[in-house]
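> I'd like to ask you about the structure that follows.
Here, each number is a calculation from the coordinates, and none is a lab measurement. Note that this is a predicted model, so its numbers are computed, not measured. Note that we place each Cβ from the backbone using ideal geometry, even for glycine, and neighbour counts take in every protein chain shown.
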Amino acid sequence: MDTCFSFDRKGKVMRRFERFALIMNMMACAVMVACLLWALPLEAADNTIKRNLQIPGRMTDSRQLALAKPDLQVGVVKVTPKHPGEGKMVTFEGNVMNYGDGFAANPVVTLTVAGPAGVSYQGVTFVRKFKAAKPGSYTCTFSLDPARMIAETDDNNNVKQLAFRADALPDFIVCISNGKRPPVGRKRDINAVVKNIGSGNSAGYIKLRLYVEGKGTKTFDLLPINAGDSRKVTRTAKWSTAGTKTITAKIIYTKSEINKNNNEVRGSFFVRLPHHDKYSAAPKIKCSNNKTFNDWEQCCQ
């Protein structure tokens, strides 16, 4: 029987069966290395594991990913400003987190505001503005998936509440004399009344700027006005020429109030000649909130 010989690096003779055994050992080592590499988890660029170790009795890759569930959770919630005034806009911000392994498609988000003027919203936006229409305490309830349409690993972390208080604010209007028809050369009183129709007291002093055509502007300093109260100022004027004379009153208040768009009103007098009609059908009092009256008791009771 012939024997095949070969030589190792030291020049020693190796028989055919010894070389065969060496090759088999090398193949076995290669198989073991391949198995170890397969068992290691692979990571994507976002460091998420794409393949899990295969363990007897547990689900493997494709089935495990297919049955993965999301876990929605309410993150940080806040309102801005923390202490809004009555009638002011409030911005609510809520963060929606998903700590599960699965994707939550279009989760429904609701915001309910309970208080003196409560509101509610539903959608997928997480920033919402609303008005605190009345003073008092409000509670925002931020809910994720309220109808339980999404299968989650934990449904008990989907609601968070946040409370805030809206402060009472003043709201100033001004009313002025209007529609009078004084004769040329005769003095007439021009009255202006500033009233606080809000629910809060004024936080400081108020100025009233009263303009009379042909007589210029005069500014009055008024003491603070509590809710429901009013203050009156009077100018006296006479004109030497006939015609319509414009009167304008404007409130200057630097602090916060409910509505700064009702702080100015314009009226007019008609200075008449002796042959002109003494009476006018125009309302005797005009107010900056677009109301008119025929006597001061109606206006500023």
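> Per 0.36 nm of contour for each residue apart, how much would the distance between Asp277 and Thr254 grow if the chain were fully extended, relative to their Cα-Cα spacing?
4.0 nm
> Here's something else I'd like to know. For each pair in Lys250/Lys278; Lys88/Lys218; Lys129/Lys291; Lys245/Lys291; Lys131/Lys284, compute the distance between the two Cα atoms and list the pairs where it is over 26 Å.
Values: Lys250/Lys278 28 Å; Lys88/Lys218 32 Å; Lys129/Lys291 30 Å; Lys245/Lys291 21 Å; Lys131/Lys284 35 Å.
Listed pairs above 26 Å: Lys250/Lys278; Lys88/Lys218; Lys129/Lys291; Lys131/Lys284.
> Compute the projected area of the convex hull of the Cα atoms of the range 199-301, averaged over all viewing directions, and report it in nm² to one decimal place.
That works out to 7.4 nm², a quarter of the Cα hull's surface.
> Where Lys and Arg each count +1 and Asp and Glu each count -1, what net charge lies around Gly87 among other residues with Cβ under 12 Å from its Cβ?
Working: positive: Lys88, Lys131, Lys134, Lys260; negative: Glu86, Asp167, Asp171, Glu257.
Residues near Gly87 contribute 0 overall.
> Shifting gears a bit: Dipole magnitude of the range 219-301 about its Cα centre, charges +1 at Lys/Arg Cβ and -1 at Asp/Glu Cβ only, in debye to the nearest 20? Write down the numbers at each step before the final one.
Numbers: 14 positive and 7 negative charges, 57 e Å.
Magnitude of the dipole: close to 280 debye.
> Amide H to amide H under 5 Å from Lys88: which residues, 5+ apart in sequence or cross-chain, H placed 1.01 Å off N in plane?
Correct list: Ala132.
> Separate question: When the dipole is taken about the Cα centre of the range 105-186, and only Lys, Arg (+1) and Asp, Glu (-1) are charged at their Cβ, what size is it in debye, to the nearest 20?
Numbers: 10 positive and 6 negative charges, 194 e Å.
Roughly 940 debye for the range 105-186.
> Still on this structure, I have one more. When the convex hull of the Cα atoms of the range 253-301 is projected onto a plane and the area is averaged over all directions, what value comes out in nm²?
Details: hull surface 19.8 nm².
Over all viewing directions, the range 253-301 projects a mean Cα-hull area of 5.0 nm².
> Using θ = phi - 60° and the Karplus form 6.51 cos²θ - 1.76 cosθ + 1.60, what ³J(HN,Hα) does each residue of the range 273-289 get, whole Hz, x for Gly and Pro?
8, x, 8, 7, 5, 7, 10, 10, 8, 5, x, 7, 9, 10, 10, 6, 9
> Once the convex hull of the C-alpha atoms of the range 98-208 is built, how many Å³ does it hold per residue, rounded to a whole number? Working shown, then result.
Values: hull volume 18.4 nm³, N = 111.
Output value, Cα hull per residue: 166 Å³.
> Once all Cα-Cα distances of the range 133-187 are split into 5 Å bins that start at 0, what whole-number percent is in each one?
All Cα pairs, binned at 5 Å, distribute as 4, 11, 13, 9, 7, 8, 7, 6, 6, 5, 5, 4, 4, 4, 3, 2, 2, 0 percent.
> Just to check, using Stokes-Einstein with a Kirkwood Rh over alpha carbon pairs, what's the diffusion coefficient of the range 143-224 at 10 °C and 1.306 mPa s in µm²/s?
Working: Rh = 18.5 Å.
For the chosen part, D equals 86 µm²/s.
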